[in-house]
Amino acid sequence: MHYLGQLQLVNYKNHDFLTLEFSANVNAIVGRNGVGKTNVLDAVHYLSMCKSYLNPLDKQNIRLNQPFFSIQGLWITEQQQDLVVCSVKAGTKKVVKRNKVAYEKLSDHIGLFPVVFISPYDGDLIAEGNEFRRKWLDGIIAQIDRRYLEDLLHFQRILDQRNALLKNISIGNAQNDELAIWNPSFEEVGDRIYRRRLAFIEEFIPLFRANFEQIGNEEETPDIQYKSDFQKGEFAQLLAQHERRDLMFQYSTVGPQKDEIVFTLNDQPVKKFGSQGQQKSFVLALRLAQYHYLHLHAGKKPVLLLDDIFDKLDSIRVQRLMDLVSKDVFGQVIITDTESERVKAILSTVLKDFRIFELPLDAS
């Protein structure tokens, strides 16, 4: 068992002070719009990933006119309890501590306490560009593969250096042959990233299709197509062929930072041809497959965060999701909704104990 037993927020977004004691099973946070329900889920995500799900700029997550924020959570497993504290003070570097010991590298924390956040904004996975989908994919792999996370960080440094060099060459402050310093490592690390992404996609697709069939009950065949420059032959030759173009644009125009991830139904882009219902099924199946993938590789069930889904999904999809909750497919679940009575009616069908927190609480 892996769950968040207690959450305490100080000056996080619109919460000045809030403490919640969670059930290991199902929890619902209800209240009118604007009371900070989603911000509670966001804080749980922060305790897992050392960053906000909704706003990556830490200083913008500090409550208005306050100098800092603090998020404290007690993670409970069968073996032990871990107290994690994430704090940010305006103008300083964030600090994350586990059992009172600060991390030197935040990457050492990633993957210890997995969560999956299902949000009304998940439609962006379909609507937005490839960068959005690459970040989603990278975020999953990085939670279970520390080497991959290190490769991502290393590649970004190489990419920044190579792009800076391209700009210097274009203005006459460096020579073309200096690219030979960065090209080999650019190719080597980029190739590892490509191969890991490819292996992930191949394993992920069957999980995704199974969830699509279960949630959507659609007859269409969904797929995820992965396109990379490393599929176009010798990458060193490709770099050489694009050198002139790189110099013209002053940035690297080929490499894993340009990988494409295309979602399709019956070989047609779901972004263009999928109905609203099909797109909702597609995105929900992606998130549930993400859950099962992390469970499989992390050896523990992630905490499932469901934000405002009762209002965004039709009753059939909600019922199928609740059926999965009842069948012990998931571990701890934390839900937000605006209507207390609706939540009680839906959760009464779940064969698990549940707690309902109505915001604002007396303590907040």
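The values are calculated or read from the model by the stated rules, or taken from the named source; none is laboratory data. Bear in mind the structure is a predicted one, so any value in this text is a computation, not a measurement. Reconstructed Cβ throughout: ideal geometry from the backbone, glycine too, with neighbour counts over all protein chains shown.
Overview of values
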| quantity | calculated |
| --- | --- |
| Candidates Lys327, Lys344, Lys300, filtered to the one that is more than 22 Å from the chain's Cα centre (by Cα) and either within 27 Å of Arg146 (Cβ to Cβ) or in contact (Cβ under 8 Å) with a residue 12 or more places away in the chain (or both) | Lys344 |
| Among the residues listed as Tyr293, Tyr194, the single one being of a type in the set (Ser, Thr, Tyr) and surrounded by fewer than 21 Cβ atoms within 10 Å (Cβ to Cβ) | Tyr194 |
| Residues being β-branched (Val, Ile, Thr), out of contact with any Lys or Arg (no Cβ under 6 Å at 6 or more places or on another chain) and buried (at least 16 other Cβ atoms within 10 Å of the Cβ) - total across the range 88-115 | 3 |
| Conditions (1) modelled with pLDDT of 85 or more; (2) over 18 Å from Asp122 (Cα atoms); (3) of a type in the set (Lys, Arg); (4) in a helix (DSSP H, G or I); number of the one not met by Lys301 | (4) |
| Selection within the range 55-103 - at pLDDT below 95, of a type in the set (Ser, Thr, Tyr) and not in a strand (DSSP E or B) | Thr92 |
| Any chance Thr264 is closer than 18 Å to Gly216 by Cα, of a type in the set (Val, Ile, Thr) and surrounded by 18 or more Cβ atoms within 10 Å (Cβ to Cβ) | yes |
| Out of Lys100, Lys105, sole residue that is charged (D, E, K, R) and within 23 Å of Asn55 (Cβ to Cβ) | Lys105 |
| The range 328-342, residues that are over 25 Å from Leu112 (Cα atoms) and either surrounded by 21 or more Cβ atoms within 10 Å (Cβ to Cβ) or at pLDDT below 85 (or both) | Asp337 |
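One line per residue, one yes/no per condition, for (1) in contact (Cβ under 8 Å) with a residue 24 or more places away in the chain; (2) surrounded by 13 or more Cβ atoms within 10 Å (Cβ to Cβ); (3) not aliphatic (A, V, I, L, M):
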residue	(1), (2), (3)
Leu166	yes, yes, no
Gly190	yes, yes, yes
Glu202	no, no, yes
Gln214	yes, yes, yes
Gln225	yes, yes, yes
Glu234	no, no, yes
Leu238	no, yes, no
Thr253	no, yes, yes
Pro256	yes, yes, yes
